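Engineer: Can you read through this structure? Questions will come right after.
The values are calculated or read from the model by the stated rules, or taken from the named source; none is laboratory data. Computed from a predicted model, the values in this text were never measured in an experiment. Here the Cβ positions follow ideal geometry from the backbone for every residue, glycine too, while neighbour counts run over all protein chains shown. Please note that ligands, DNA and RNA were not included when accessible areas were found on the heavy atoms of the full protein model with its side chains. Shrake-Rupley method; radii C 1.70, N 1.55, O 1.52, S 1.80 Å.
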Amino acid sequence: MIISIRRNASREEVEQVRSRIEEFGLKVHSIEGEERVVIGAVGVGSAVTACLEALEAMPQVEKAVRISVPYKFVSKEFRATKTEVKIGKVTVGGSEFVMMAGPCSVEGEKQILESAELVAKAGAQLLRGGAFKPRTSPYDFQGMAEEGLKLLAKAREVTGLGIVTEVMSDADVPLVAEYADVLQIGARNMQNFALLKTLGKCGRPILLKRGMSATVKELLMSAEYIVAHGNPDVMLCERGIRTFETVTRNTCDIGAVAALQEMTHLPIILDPSHATGKRSLVPPVSKAGVAVGADGLIVEMHPNPEKAWSDGAQSLSPAEFTKLMADLQPYIALWKKERAAAAVTA
Ligand code: PEP
Ligand code: MN
């Protein structure tokens, strides 16, 4: 249930509403906007109806509505304005289009520092790179683990770029959160519920990737886990899904980006690298991502893609990445105009 409080309500009146909801055994989450307070109440059974009626009788309650979607906190009904996720000086979900870029894996000091400098110079705002790698084969490179995290921290120190890196298990969350600015949840872990619950308390923004066989609604339910457990800073990532098509590594569900923008207030990132699996397809699909209204892209770039320890075929070379950044500028300019227009009508 969503409860909007009257504009001029005092803090005490808001508190009265909160405690009334709790009396019915419902869980309370509130969003304090500049102009008004919106409260979300979650519960099951007849208590919800009784609570709704009790709240409607309170003068400081403007409206109390039951919502039908199961992903309540991440739905547009709960919050009409977009969530802005702050990562240092960078804001995702606002008026800037955000580029996250870097290698698939951290392979060593020289490789990650070179990558960081290259993507920073080309204009990216955040550095990606995996230190814990989810590989299909147990014999493939599994990542440098904590050593890799330390190298990422060094790259941040040198370039000032915030770090996006994957965490694969709930046991590793405190360690990765110590080094990273954004915790990435890989496609294979989208429904690792123990991990999602732990992220609720990790104190870092999350980049939640869509599972390769997951529906858009399942992605939203996974995001709901993280938000319901206390962390509102979630970004969603479309990274391609598995279909009968074999020309591309995955099928880029570009329509899902537009659908998600209608369904949720969370920022949406597109990953054209894993969505296509092919270097040549990354630039056109990146442009599509900007055009469809994603809030940012996450792109794989390697100083020497032929020698990459993972995902070399889909990694851009430094020159290709620099060209992509330049080629995206007219698209981003248009994107900014659209964002500004949407902000006026909101
Ligand atoms: C990655 O970002 O390198 C990665 C493993 O992505 P995904 O989880 O989308 O496969
Ligand atoms: Mn990869």
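Engineer: Let me cross-check LYS197: its accessible surface, 1.4 Å probe, with only protein heavy atoms counted, in Å² to the nearest 10?
Structural biologist: LYS197 has an accessible surface of roughly 100 Å² with all protein chains in place.
Engineer: Need the list of lysines near LYS76 for cross-linking: C-alpha distance under 17 angstrom, and skip anything on the same chain fewer than eight residues off.
Structural biologist: Those lysines meeting the cut-off are LYS63, LYS217.
Engineer: Restricting to the chain, compute how many DSSP beta bridges are antiparallel as a %, nearest 5. Kindly include the intermediate steps, with their values, before the conclusion.
Structural biologist: Numbers: 18 of 45 bridges.
Antiparallel bridges make up about 40 percent of those DSSP assigns within the chain.
Engineer: For region 208-291, I need the span (max minus min coordinate) of the C-alpha atoms along each principal axis, in Å, sorted largest to smallest.
Structural biologist: 40, 25, 18
Engineer: Hey, another quick one. Between helix 11-23 and the chain, what is the angle of the helix's C-alpha long axis to the longest principal axis, kept within 0 to 90° and rounded to the nearest 10?
Structural biologist: Helix 11-23 sits roughly 90 degrees off the main axis of the chain.
Engineer: What list of ³J(HN,Hα) couplings, whole Hz, do you get for region 135-142 from phi and the Karplus terms 6.51, -1.76, 1.60, once you set θ to phi - 60° and write x for glycine and proline?
Structural biologist: 9, 4, 9, x, 8, 7, 3, 9
Engineer: Treating the angle as unsigned and between 0 and 90°, give the value, to the nearest 10°, between the Cα long axis of helix 282-292 and the longest Cα principal axis of the chain.
Structural biologist: Tilt relative to the chain: about 20 degrees.
Engineer: Leaving out ligands, DNA and RNA, what percent of the accessible area of region 75-225 is carbon and sulfur, probe 1.4 Å?
Structural biologist: Numbers: 3110 of 6040 Å².
About 51 percent, which is the carbon plus sulfur part of the accessible surface.
Engineer: With +1 on each Lys and Arg Cβ and -1 on each Asp and Glu Cβ, and nothing else charged, work out how big the dipole of region 157-228 is about its Cα centre, in Debye to the nearest 20. Before the final figure, lay out each step's value.
Structural biologist: Numbers: 7 positive and 8 negative charges, 63 e Å.
Charge dipole of region 157-228: 300 debye, to the nearest 20.
Engineer: Can you pull out the GluC sites (Glu not before Pro) in region 35-131 that DSSP calls coil and that have at most 11 other Cβ atoms within 10 Å? Intermediate results must be reported in sequence, preceding the final value.
Structural biologist: On the way: sites: GLU35, GLU53, GLU56, GLU62, GLU77, GLU84, GLU96, GLU107, GLU109, GLU114, GLU117; in loops: GLU35, GLU77, GLU84, GLU96, GLU107.
The qualifying sites are GLU35.
Engineer: To the nearest 10 degrees, how steeply does helix 318-345 sit against the main Cα axis of the chain, on a 0 to 90 scale?
Structural biologist: Compared with the principal axis, the helix lies near 20 degrees.
Engineer: Looking at region 244-338, which chymotrypsin sites (Phe, Trp or Tyr not before Pro) are DSSP coil and have at most 11 other C-beta atoms within 10 Å of their C-beta?
Structural biologist: On the way: sites: PHE244, TRP309, PHE321, TYR331, TRP335; in loops: PHE244, TRP309.
Hits after loop and neighbour filter: PHE244.
Engineer: Excluding ALA333 itself, what net charge comes from residues whose Cβ is under 15 Å from its Cβ, given Lys and Arg +1 and Asp and Glu -1? Walk me through the numbers before you get to the answer.
Structural biologist: Values: positive: LYS287, LYS336, LYS337, ARG339; negative: GLU96, ASP327, GLU338.
Summing Lys/Arg as +1 and Asp/Glu as -1 gives +1.
Engineer: Taking θ = phi - 60°, what integer Hz values does the Karplus form 6.51 cos²θ - 1.76 cosθ + 1.60 yield along region 52-60, in sequence order, with x for Gly and Pro?
Structural biologist: 4, 5, 5, 5, 4, 7, 8, x, 7
Engineer: Viscosity 0.890 mPa s, temperature 25 °C: give me the Stokes-Einstein translational D for region 2-65 in µm²/s, with Rh taken as the Kirkwood radius over C-alpha pairs. Walk me through the intermediate numbers first.
Structural biologist: On the way: Rh = 11.5 Å.
Estimated via Stokes-Einstein, D reaches 214 µm²/s.
Engineer: A further question follows. Run the dipole for the chain about the Cα centre, Lys and Arg Cβ at +1, Asp and Glu Cβ at -1, nothing else charged, and hand back the magnitude in debye, nearest 20. Present the calculation step by step, with values, prior to reporting the outcome.
Structural biologist: Details: 41 positive and 42 negative charges, 87 e Å.
For the chain, the charge dipole is close to 420 debye.
Engineer: Another question, then. Assuming a viscosity of 1.306 mPa s and a temperature of 10 °C, what translational diffusion coefficient in µm² per second does Stokes-Einstein assign to region 26-97, Rh being the Kirkwood radius over Cα pairs?
Structural biologist: Values: Rh = 14.2 Å.
D, rounded to a whole number, is 112 µm²/s.
Engineer: List the lysines whose alpha-carbon lies under 26 Å from that of LYS278, not counting same-chain residues fewer than 8 positions away?
Structural biologist: LYS110, LYS121, LYS133, LYS209, LYS287, LYS307, LYS323
Engineer: Using θ = phi - 60° and the Karplus form 6.51 cos²θ - 1.76 cosθ + 1.60, what ³J(HN,Hα) does each residue of region 173-179 get, whole Hz, x for Gly and Pro?
Structural biologist: The phi angles translate into 4, x, 5, 5, 5, 5, 9 Hz.
Engineer: Still on this model: How large is the Kirkwood hydrodynamic radius of the chain, counting all unique pairs of alpha carbons, in Å?
Structural biologist: Numbers: mean 1/r = 0.0477 Å⁻¹.
About 20.9 Å, per the Kirkwood formula over Cα pairs.
Engineer: Here's something else I'd like to know. What residues qualify as long-range amide H neighbours of LEU207, i.e. H under 5 Å apart, gap of 5 or more or another chain, H built at 1.01 Å from N?
Structural biologist: LEU183, GLN184, ILE185, MET235
Engineer: Hey, another quick one. Which value in nm describes the separation of the simple spin-label points at GLU245 and LYS336, placed 7 Å from the Cα toward the beta carbon?
Structural biologist: So the two model labels end up 3.1 nm from each other.
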